[in-house]
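Written below as structure tokens is the structure these notes are about.
The values are calculated or read from the model by the stated rules, or taken from the named source; none is laboratory data. This one's a predicted model, so the numbers in the text were calculated from it and none came from an experiment. Positions of Cβ are backbone-derived with ideal geometry, glycine not excepted, and every protein chain shown enters the neighbour counts.
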């Protein structure tokens, strides 16, 4: 005969089960409930008792109090992601990867420092997080925080720091080969205004590939904020001059800038890729939905988030690591925004 399902006292506010209810129903101490609920039962509680407590926990729907759990485990079950722009779809993908890695038992705190603001990691650590993921050049500000820190997308961070970043060489070379093969010899490269290593390497690997495959290629430099409307207005003002200069392809440092380029060209009635090709770095899912779909060096942001969060969790748990540095390869997604160079 099955034992009756224990019930929470009817006068309990909200009907929420407490550790004392579980203890009474399972005929154990509250301390035993705490050990089982917080994954600390191994070697301390018999398997039979543990199974009985787990059954009652499930029947009552008991959830351990986060504050009490942190006292037992020494962890707050919360990590922070510091990014320069949480509205950027690339950052959203990183956050999605982090969430997938940490699961439902750990909360994610999102913090934004702004592109030109010195990030205050100490203030974020003061929230009581177990660790911090940093997608912002801030390697000189991590000492003495008291929590593990992992850097994202910063290939030039100090070699002693845990980090995950992209190997931009394969993607840059593939894009160079793609454009050179289409006959493009006059390009405009629209860089980001932020002097960050990831953007410098994107530009360098593309230019290096072009110099090897088509040394006669001329690349005109330009810069813009990573903002759709800003880039759109820049294209509306400047495309006539770029066209006179013979530009047949525009490459941007990010997808967001490429979205602005496509919008500005559409405003001017310029056909892509009929009159000019457009390509970028990032390849977020929205790049498949633009008109036309955007050719882009694929930097798997969700994988970056997952990899960096997995590394951070290992550091928090004190587990042995094969490597404190994780490098993610880039590739190329060829879509219909690039075509043969126009002969003028």
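Could you identify the single residue in 342, 278, 270 that is more than 19 Å from residue 206 (Cβ to Cβ) and either part of a strand (DSSP E or B) or at pLDDT 95 or above (or both)?
On the way: 342 fails: either part of a strand (DSSP E or B) or at pLDDT 95 or above (or both); 278 fails: more than 19 Å from residue 206 (Cβ to Cβ).
Just a single option satisfies the conditions, and that option is 270.
Looking across 252, 310, one residue alone is touching a helix residue (DSSP H, G or I) at 6+ places or on another chain (Cβ under 6 Å), assigned by TED's automatic domain parsing to the domain that holds residue 94 and either surrounded by fewer than 22 Cβ atoms within 10 Å (Cβ to Cβ) or under 29 Å from residue 340 (Cβ atoms) (or both). It is 310. Filtering the range 34-53 to residues that are free of Cβ contacts under 8 Å to residues at least 24 places away in the same chain, under 22 Å from residue 105 (Cα atoms) and in contact with a helix residue (DSSP H, G or I) (Cβ under 6 Å, 6 or more places away or on another chain) leaves 36, 41, 50.
Against the definition (part of a loop (DSSP other than H, G, I, E, B), modelled with pLDDT of 80 or more, under 24 Å from residue 203 (Cα atoms) and over 17 Å from the mean Cα position of the chain (by Cα)), how does residue 156 come out, yes or no? Reasoning before the result, please.
Working: part of a loop (DSSP other than H, G, I, E, B): yes; modelled with pLDDT of 80 or more: yes; under 24 Å from residue 203 (Cα atoms): yes; over 17 Å from the mean Cα position of the chain (by Cα): yes.
Spelling it out, residue 156 is indeed part of a loop (DSSP other than H, G, I, E, B), modelled with pLDDT of 80 or more, under 24 Å from residue 203 (Cα atoms) and over 17 Å from the mean Cα position of the chain (by Cα).
Determine which member of the set 41, 83, 115, 101 is modelled with pLDDT of 90 or more and not assigned by TED's automatic domain parsing to the domain that holds residue 197. Break it down stepwise before answering.
Values: 41 fails: modelled with pLDDT of 90 or more; 83 fails: modelled with pLDDT of 90 or more; 115 fails: modelled with pLDDT of 90 or more.
Of 41, 83, 115, 101, the one residue that is modelled with pLDDT of 90 or more and not assigned by TED's automatic domain parsing to the domain that holds residue 197 is 101.
Out of 207, 187, report the one residue that is at pLDDT 95 or above, closer than 19 Å to residue 170 by Cα and either in a strand (DSSP E or B) or out of contact with any helix residue (DSSP H, G or I) (no Cβ under 7 Å at 6 or more places or on another chain) (or both).
On the way: 187 fails: closer than 19 Å to residue 170 by Cα.
207 is the lone residue from the list that is at pLDDT 95 or above, closer than 19 Å to residue 170 by Cα and either in a strand (DSSP E or B) or out of contact with any helix residue (DSSP H, G or I) (no Cβ under 7 Å at 6 or more places or on another chain) (or both).
State whether one or more residues within the range 302-323 are modelled with pLDDT of 95 or more, over 20 Å from residue 79 (Cα atoms) and part of a loop (DSSP other than H, G, I, E, B). Among the residues of the range 302-323, not one is modelled with pLDDT of 95 or more, over 20 Å from residue 79 (Cα atoms) and part of a loop (DSSP other than H, G, I, E, B), which makes the answer no. When 264, 274, 322, 318 are screened for being out of contact with any helix residue (DSSP H, G or I) (no Cβ under 9 Å at 6 or more places or on another chain), assigned by TED's automatic domain parsing to the domain that holds residue 228 and surrounded by fewer than 24 Cβ atoms within 10 Å (Cβ to Cβ), only 274 passes.
Hey, among 130, 154, which residue is in contact (Cβ under 8 Å) with a residue 40 or more places away in the chain, over 20 Å from residue 85 (Cβ atoms) and in the same structural domain as residue 101 (by TED's automatic domain parsing)? Reasoning before the result, please.
On the way: 154 fails: over 20 Å from residue 85 (Cβ atoms).
It is 130.
Pick from the range 9-31 the residues that are assigned to a helix (DSSP H, G or I) and under 21 Å from residue 105 (Cβ atoms): which of them is modelled with the highest pLDDT?
As a first pass, look at the range 9-31 and keep what is assigned to a helix (DSSP H, G or I): 13-15, 19-26, 30-31.
Now drop any that are not under 21 Å from residue 105 (Cβ atoms), which leaves 19, 22.
Numbers: 19: 83, 22: 88.
Applying the filter and picking the extreme gives 22.
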